[in-house]
Amino acid sequence: MQGDILSLGNKTKKTPSSTPQKGGQKDAGSALRQAYQKTVDERIPDEMLDLLSKLD
């Protein structure tokens with residue numbers, strides 16, 4: 001029985017990330033990176049900064 005458990009641990013499965021990306025997946029990844037960068041570059045509204053300063 002112990003041999004069965006060990007043999008299960010030796011099996012590997014391919015994950016979706018181990019397969020090459022196709023054109024649509026690359027485009028989606030690029031779009032997500034652009035959306036993230038736009039969010040990071042966004043100016044923080046003064047009202048939010050005021051609220052955050054009150055937390056100190």
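Number of residues in the stretch 5-43 that are open to solvent by 100 Å² or more (accessible area, probe 1.4 Å) and either modelled with pLDDT under 95 or part of a helix (DSSP H, G or I) (or both): the value is 22. D46 satisfies every condition listed in (1) surrounded by 10 or more Cβ atoms within 10 Å (Cβ to Cβ); (2) modelled with pLDDT of 75 or more except (1).
Pairing residues of the stretch 24-35 that are touching a residue at least 12 places away in the same chain (Cβ under 8 Å) with residues that are aromatic (F, W, Y), at Cβ distances under 9 Å and at least 6 apart in sequence or on separate chains, gives no pairs at all.
The values are calculated or read from the model by the stated rules, or taken from the named source; none is laboratory data. Note that the structure is predicted; figures quoted are calculated from it, not measured. Cβ coordinates were reconstructed from backbone atoms using ideal geometry, including for glycine residues, and neighbour counts include every protein chain displayed. Heavy atoms of the whole protein, side chains included, go into the accessibility calculation; ligands, DNA and RNA do not. Shrake-Rupley method; radii C 1.70, N 1.55, O 1.52, S 1.80 Å.
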